[in-house]
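What follows is one structure encoded as structure tokens, with my remarks underneath.
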Amino acid sequence: LLDPKNAKDFTDKEGYTCYDMTTADYRGILFNFWNDYWTENRDLIPAICYGIDTQAICNIARGGFAEPCYDLTFPGCGDFNQEWLNEDYYNYDLEKAKALLEEAGYPGGKDPATGSALHIRLLCDQQRKDAAVVIQSQLMELGLEVELLALDDAMFSDYQYDPTQWDISIMKQGTEAYISNIYDGYMLRNKDGVGAKNFIVDDELEALLEAAHDVSTHSAETVDALHDYVKDNAIAYGLYVDQVYAVGREGIEVFQHPWNVLVPNACTFN
């Protein structure tokens, strides 16, 4: 598998065939509910979401080889509801974002008590730095002060479990199965022995996570309920899903799983 920048060298090269696909390599943002930014000022979060232009991230940071998300997962998941693609998923609206900031008591992104801009620490790994830079510029347009923390994998892994280090994080987890896998990985208490990665404590959310995950209760209804609760309460926000290319010599017929995942062992080699 190659990213689009490298794969384009093979698109017209004799003896090679390129297959493009939307993969499970998707990204979204988590809000750190350990700190006072989001626990005491939940009304700020929708303003943040409406202030992020996901299509611009796809165009600028990903070179046009990505698509905006309408959930925390990608449309190829087995239980993804295609109707979500038609929802207003905090579609970019700068004026609405500014109005929501004012309603939340932070006109122009400033704390009226101090006159200072809200300072937000945005955490990401080095691979997603380009996307983080676009988000940084978009939130600064709202009047916010955004500090970018772009770390290598080892440091990112350390920082993401330390709630004192960041306010917003570009999530780094994938799945090629069901959407409950990604939700569990970020929000389920004591998942992997470390608790929710966004440090949220929400009994109703926990019950919805368990219902969508358990094989005896997993259904379109329980998955929809989980999606709606996370979206309506702006607990986390999907950004984009990448496109990648599979490159092989001519004579290799690529097999893609119905969830749009390349299965090398099932390919045909002539």
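The values are calculated or read from the model by the stated rules, or taken from the named source; none is laboratory data. Just so it is clear, the model here is predicted, and its values are computed rather than measured. Here the Cβ is made from the backbone with ideal geometry for all residues, glycine too, and neighbour counts use every protein chain on show. The protein model used for the area step is the full one, side chains on, heavy atoms only, and it has no ligands, DNA or RNA in it. Shrake-Rupley method; radii C 1.70, N 1.55, O 1.52, S 1.80 Å.
Could you give the length gained on full extension between H119 and V201, defined as 0.36 nm per residue of separation minus the Cα-Cα distance, in nm? Each step should come with its number before you reach the end.
Numbers: separation 82, 0.36 × 82 = 29.52 nm, distance 2.37 nm.
Difference between extended and current length: 27.2 nm.
Between segment 194-255 and segment 33-52, the alpha-carbon centres lie 21 Å apart.
Note on K231: accessible area is roughly 30 Å² with a 1.4 Å probe, heavy atoms of protein only.
Please give the FRET efficiency for D224 paired with L94, using the beta carbon to beta carbon distance and R0 = 45 Å, rounded to the nearest 0.05. Could you put the intermediate results ahead of the total?
Numbers: r = 30 Å, r/R0 = 0.66.
Rounded to the nearest 0.05, the efficiency is 0.95.
Which sequence of L30, L188 reflects their accessible areas, 1.4 Å probe, from the largest down? Walk me through the intermediate numbers first.
Details: L30 5, L188 35 Å².
Sorted descending by solvent-accessible area, the residues read L188, L30.
Fraction of C-alpha pairs exceeding 19 angstrom in segment 117-181: 36 percent, rounded to a whole number.
Mind checking which aspartates and glutamates have their C-alpha under 20 Å from K110, skipping anything on the same chain fewer than 8 residues away? Output for K110: D36, E40, D43, D93, E95, E102, E141, E145, E147, D167. The modelled label-to-label distance for the pair N190/Q126, using points 7 Å beyond Cα in the direction of Cβ, is 3.7 nm.
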